[in-house]
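Q: My questions will all concern the structure given below.
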Amino acid sequence: MIGRLAPSPTGALHLGNARTFMLAWLQARSQGGSILLRIEDIDGPRVKLQAATEAIEDLRWLGLDWDGAVVCQSDRLASYAAAAGRLIQSGRAYPCVCTRKEVEDAASAPHEVGDDGPVYPGTCRGRFPTLMAAKEATGRDAALRFRVAVGEVPFVDGFCGPLGGRIRGDFVIQKRCGGPAYQLAVVVDDAAQCVTDVLRADDLLPSTPRQLLLYAALNLRAPRFSHVPLVVGEDGLRLAKRHGDTSLRWFRAQGVAAAALFGHLAFLCGLRPQGTRCLPRELVLDFDLAKLSRSPVRGDTTGFC
Ligand code: GLU
């Protein structure tokens, strides 16, 4: 069994990230598996210099370890380009010159809104044989979209059980700038690193059917996926800046000990009583993903800080 921690260095790691990494780490270590660290630093301008180094420091401070060398997505661009090339050649992906605004205008009916924006109406399907042909015909740089031929990709989630896997619209696998989209990079990497188990927060659930289609189209073996409830603020919304500073750095600056923070994460997940202090390895023995609470986790710091 091989799991992975995959931080995106777009900001400081917060309680929500730490909770996901704790569970991914425990899932692997409790089964005697390995855990890898991959820095997902391809998200263009959102990637902050320093954030990758700080993420590594934060994970170490929390007491999490990993096996082998740290992999950075920015070093693997050629692999993503090669996979994209294979998908164009096999007719599974096509160049698309539509702007976001054009896609929004074309998908005017509200029910056309998918999980991450308007559903692509297929305007560029079959229009251009290559990226260069698209550029010559329109003067625009083209993105690449994956052609989705099904409405559902059912799968069995390791935490949620059987899911319908609804999928709407052709999705981008390579951006206009030539860089890979998250969906493609994560599939190419998880396959190349032989990851068998992906554990992540359920805000990424809509991505899973897309990734399963990419695995199949690239003839790669898909990992098992487990999606755990998102960590939210007191208002029930995804933990964000407006909920105050919940970054690990901030807790550390307040003099909070790693064992107190880790114990608090274990409490938030329903694995230990409130006020427990513990180290990651102390949770390994009796860790069972099925014991995790099923409702969204409130990233509440009352009684802890
Ligand atoms: N890098 C992604 C994030 O931090 C996680 C990707 C994944 O687990 O597939 O949201």
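Every number in this text was worked out from the coordinates using simple rules, so none of it is lab data. Keep in mind that this is a model prediction, so the values were computed, not measured. Here the Cβ positions follow ideal geometry from the backbone for every residue, glycine too, while neighbour counts run over all protein chains shown.
Q: Answer with yes or no whether A201 is within 11 Å of the ligand (Cβ to nearest atom), within 30 Å of G161 (Cβ to Cβ) and not aromatic (F, W, Y).
A: Yes.
Q: Do we find that L87 is under 19 Å from the mean Cα position of the chain (by Cα) and away from the ligand (no atom under 14 Å from the Cβ) in this structure?
A: Values: under 19 Å from the mean Cα position of the chain (by Cα): no; away from the ligand (no atom under 14 Å from the Cβ): yes.
Criteria not met by L87.
Q: A follow-up question, please. Can you find a residue in the stretch 234-242 that is touching an Asp or Glu at 6+ places or on another chain (Cβ under 6 Å) and within 16 Å of the ligand (Cβ to nearest atom)?
A: no
To keep it simple, each residue is scored yes or no on (1) under 21 Å from R281 (Cα atoms); (2) within 12 Å of the ligand (Cβ to nearest atom); (3) of a type outside the set (S, T, N, Q).
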{"residue": "A12", "(1), (2), (3)": "no, no, yes"}
{"residue": "W25", "(1), (2), (3)": "yes, no, yes"}
{"residue": "R29", "(1), (2), (3)": "yes, no, yes"}
{"residue": "G33", "(1), (2), (3)": "yes, no, yes"}
{"residue": "A52", "(1), (2), (3)": "no, yes, yes"}
{"residue": "I56", "(1), (2), (3)": "yes, no, yes"}
